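The values are calculated or read from the model by the stated rules, or taken from the named source; none is laboratory data. Here the structure is a predicted model, which means the values were calculated and not measured. SASA here: full protein model, heavy atoms, side chains in, ligands and nucleic acids out. Shrake-Rupley method; radii C 1.70, N 1.55, O 1.52, S 1.80 Å.
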Amino acid sequence: MKIELATEKDYKYIVERDRHIPETLVRTKIKEKEIFILKDSEKEIGWMRYGYFWDNIPFMNMIWLDEEYRGQGIGKKIVLYWEEIMRQRGFKLIMTSTQSNEEAQHFYRKLGYRDAGCLLLETQPLEVILTKNL
């Protein structure tokens, strides 16, 4: 498994699958180096993208792995890879979130993330905010 920064050649793969970001922002995220592509040989198998909470705290927005690649430790590898990059850039705190009805919250807690609050939008399940000190 390889982790690479997304490039323009990954644009189509991302916009066809990522339903949680407006298509108009994908190129900006690629340009800003805020999307990583996960590959098995040369085949894309998933992605991870992030941004910044309050414009100064790295916030992991999305990890996606194609179904057949889940449960193999790949998600953990990309999170730890991203954490190391953020640490090298001098960040001391990172964040992510997950809906309270998703299993991902347990995944993040096993990696040392701690509950930091929540957000409740009218039409969505409770969003659990998690942080980790680097």
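Here the extension length gained between MET1 and GLU127 equals 42.3 nm, from 0.36 nm per residue of separation less the Cα-Cα distance. Taking the 1.4 Å solvent-accessible surface of the chain as the whole, the part contributed by carbon and sulfur is 51%.
Pairs of Cα atoms nearer than 8 Å and 6+ residues apart set the relative contact order; for the chain it is 17 percent.
Note on the chain: helix-only mean residue ellipticity at 222 nm, from DSSP H runs of 4+ residues weighted -39500 (n - 2.57) and normalised by residue number, equals -8000 deg cm²/dmol. Extension gain, VAL15 to GLU68, is 17.1 nm, computed as 0.36 nm per intervening residue step minus the present C-alpha separation.
Taking each pair of distinct Cα atoms in the chain once, what is the resulting Kirkwood hydrodynamic radius in Å? Computed over the chain, the radius equals 15.4 Å. For the residue pairs LYS12/LYS92; LYS43/LYS132; LYS76/LYS132; LYS33/LYS77, alpha carbon separations beyond 26 Å are given by LYS12/LYS92; LYS43/LYS132.
Restricting attention to segment 58-134, close to 85% of DSSP beta bridges with both partner residues there are antiparallel. Within the chain, DSSP assigns beta bridges of which about 95% are antiparallel (rounded to the nearest 5).
Tell me, what is the per residue accessible area of the chain in Å², probe radius 1.4 Å? Mind showing how you got there, number by number?
Values: 8150 Å² over 134 residues.
Heavy-atom SASA per residue in the chain reads 61 Å².
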